[in-house]
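Chemist: Can you keep this structure in mind? I'll have questions shortly.
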Amino acid sequence: MARPRLVNSNTGSKGRITLGGSYANRIMLVETHGNEIILRLARVSPKGGAWLHENQKAMVSVRRGLQQAKARKFVKKGLDLAAAAEGTRQLSG
């Protein structure tokens, strides 16, 4: 594990610390433990899309579809939209 890098930094009049350009416009989780503050980089998913990350069967299906699309394996004809809609309903729960 890499050794933590320690940097001295003073807070401004509003309690702010500058982290540097590599952290600009990033989402951070802020944890406080007594006198310690821990910052962690984070990613946020829209609430409406969270179901996909919570449904392993749906996630596997989406990843398979993305792999097929990358390999240019497309359905040529005979697409049954009603069956596709039913499959989507089953995956979402």
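Every number here is computed from the coordinates shown, using simple stated rules; none is lab data. Note that the structure is predicted; figures quoted are calculated from it, not measured. No Cβ is skipped: glycine too gets one built from the backbone with ideal geometry, and neighbour counts run over all protein chains shown.
Chemist: Cβ under 10 Å from LEU39's Cβ, LEU39 left aside: what net charge do those residues give with Lys, Arg +1 and Asp, Glu -1?
Modeler: Combined, the nearby Lys, Arg, Asp and Glu give +1.
Chemist: So what are the radius of gyration and Dmax for the Cα set of the chain, in Å?
Modeler: 22.5, 66
Chemist: Then there is this: Using a Gaussian network model of the chain with C-alpha springs under 10 Å, which one of SER61, SER22, SER45 is most mobile by mean-square fluctuation?
Modeler: Maximum fluctuation in the GNM of the chain, among the listed residues, is at SER22.
Chemist: Counting only other residues whose beta carbon sits under 12 Å from that of ARG64, what net charge do I get with K and R as +1, D and E as -1?
Modeler: Every neighbour counted, the sum reads +4.
Chemist: Also, I was wondering about something else. What list of ³J(HN,Hα) values in whole Hz, one per residue of the range 17-31 in order, does the Karplus curve 6.51 cos²θ - 1.76 cosθ + 1.60 (θ = phi - 60°) give from phi, with Gly and Pro shown as x?
Modeler: Coupling constants for the range 17-31: 10, 8, 9, x, x, 5, 9, 4, 6, 10, 8, 10, 8, 10, 10 Hz.
Chemist: Suppose the chain between ARG63 and THR18 were pulled fully straight at 0.36 nm per residue; how much longer would it get relative to their current alpha carbon spacing?
Modeler: Computed gain between ARG63 and THR18 is 12.3 nm.
Chemist: In a Gaussian network model over the chain where Cα atoms closer than 10 Å are linked, find which of ALA82, ALA42, ALA58 has the largest mean-square fluctuation.
Modeler: Looking only at ALA82, ALA42, ALA58, the biggest GNM fluctuation is shown by ALA82.
Chemist: Measure nothing but the geometry: give the 0 to 90° angle between the long axis through the Cα atoms of 81-91 and the longest principal axis through the Cα atoms of the chain, rounded to 10°.
Modeler: 40 degrees
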